[in-house]
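Asker: Got a structure here, written out as structure tokens. Questions coming.
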Amino acid sequence: MVDGNLQFEFLINERKFAFEQIINDSSYSFKQIEGEKLMVKLGKRSVQMIDFFYEYSPEISFIQHDGTVVVVQENLKTVIKPKSGIKLSSDVFIAVNWPDLGVNIKSESQGRGRKIDSIQYATIHHIVDQSSDIIFDDDGSGEIADIVSVKIDMKHKKIRFHLYHCKYSHGEHPGSRVSDLYEVCGQAEKSIMWNDNVLEIIQRMIERENSRQKNYGETRFEKGTLQTLNMLKKMVRAGYETEFEISIVQPGVSILEITNSMKQIILATDTYLKDTFGLRLTCFFSN
């Protein structure tokens, strides 16, 4: 929020466009504040993105410290209170001994140099299922998730996608900071959109790999190839069933010190994933 107005970014193939939603008691509007003027094709006509947003206003959610979700769309606000009587399953939290893995919990991304003390590097090599057919470093502007793994079950004609959202710690040691959860929980909720866009997620990975190779002569693949992704597209079109799982990776959160407010935030995300698409959430934290 800036001066009472909501600012947000729209990313296309790593190009950033920024917008502002101006809201008052009786109306709302949008203006573009960064990037070249963006146009959208609707049928036979082209309209500015700001007009598209006005006609198809985005829904934006805010997670409060007590787990309350505030949803803003157009100039309307909806408040969703946490459901009472619902508890987190014990298998949601998974403790990781990050010091044993040599991780600097304030270092999030492995980068193109593949920093071995980063959270992302440790996740790729010690948390992601190494029998996956694809392990993809998607970190960067416009990412699907920090890491995308894909496992193909030929026998049952099923493809399992696992999205890992990594976030650095706001403190030197694991603790009970609510700030360590807000952004990463929001990313987890946002990523459910891919459950209904399987071909699009595969194409997005293909485009991001081609862009990385073209710009830097390097690959995003930790395991797998473009050929594997193209094979996935054919499988999906042939009717293979797809499943998604989403994980939060945040070494800054101590499971032993987690507060009720933090549990409510995680519960809100867990409930949202389950109620919307029946997706499983797992959280890789510290002891």
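Asker: Going Cα to Cα from K87, which aspartates and glutamates come in below 19 Å? Please leave out same-chain ones fewer than 8 positions away.
Answerer: D66, E189, E257, D270, D275
Asker: Quick one: go through segment 33-75 and flag any residue whose amide nitrogen is under 14 Å from the point 7 Å out along the Cα-to-Cβ line of V2.
Answerer: In segment 33-75, the label zone of V2 (backbone N under 14 Å from the point 7 Å along Cα→Cβ) covers 33-35.
Asker: What spacing in nm lies between the two simple spin-label points modelled at V79 and E36, each 7 Å away from Cα in the Cβ direction?
Answerer: In this crude spin-label approximation the distance works out to 4.5 nm.
Asker: For mean projected area of the Cα convex hull in nm², which listed value, (1) 14.4; (2) 17.4; (3) 15.5, comes from the coordinates shown?
Answerer: Step by step, mean projected area of the Cα convex hull in nm² for this structure corresponds to label (2).
Asker: What is the magnitude of the charge dipole of segment 89-146 about its Cα centre, with +1 placed on the Cβ of each Lys and Arg, -1 on the Cβ of each Asp and Glu, and no other charges, expressed in debye to the nearest 20? Intermediate values should be presented prior to the final figure.
Answerer: Working: 4 positive and 11 negative charges, 60 e Å.
Roughly 280 debye for segment 89-146.
Asker: Can you compute 3J(HN,Hα) from phi for each residue in segment 35-40, using the Karplus curve 6.51 cos²θ - 1.76 cosθ + 1.60 with θ = phi - 60°, rounded to whole Hz and x for Gly and Pro?
Answerer: My calculation for segment 35-40 gives x, 5, 4, 9, 10, 10 Hz in order.
Asker: Kindly list the residues of segment 97-137 that lie in the label zone of M231, defined by a backbone N under 11 Å from the point 7 Å along the Cα-to-C-beta vector.
Answerer: 133-134
Asker: Given R₀ = 45 Å, what would the calculated FRET efficiency be for I60 paired with H173, taking r from the Cβ atoms and rounding to 0.05?
Answerer: The formula returns an efficiency of 0.85 here.
Asker: Return the single residue from K44, K31, K214 with maximal mean-square fluctuation; model: Gaussian network over the chain, springs between Cα atoms under 10 Å.
Answerer: Looking only at K44, K31, K214, the largest GNM fluctuation is found for K44.
Asker: Give a residue-ordered list of calculated ³J(HN,Hα) values for segment 144-160 (Karplus: 6.51 cos²θ - 1.76 cosθ + 1.60, θ = phi - 60°; whole Hz; x for Gly, Pro).
Answerer: My calculation for segment 144-160 gives 6, 7, 5, 9, 10, 10, 9, 10, 9, 10, 5, 4, 9, 6, 9, 10, 10 Hz in order.
Asker: Within segment 5-34, name every residue whose backbone N is under 15 Å away from a label modeled 7 Å from Cα of V47 along the Cβ vector.
Answerer: 28-31
Asker: While we're looking at this one, here's another question. Given labels modelled 7 Å from the Cα in the Cβ direction, how far is it in nm from M193 to K274?
Answerer: Spacing of the two 7 Å Cα→Cβ label points: 2.5 nm.
Any read-out appearing in this document is the output of simple, stated calculations on the displayed coordinates, not a laboratory observation. Here the structure is a predicted model, which means the values were calculated and not measured. Heads up, the Cβs are rebuilt from the backbone with ideal geometry, glycines too, and the neighbour counts pull from every protein chain shown.
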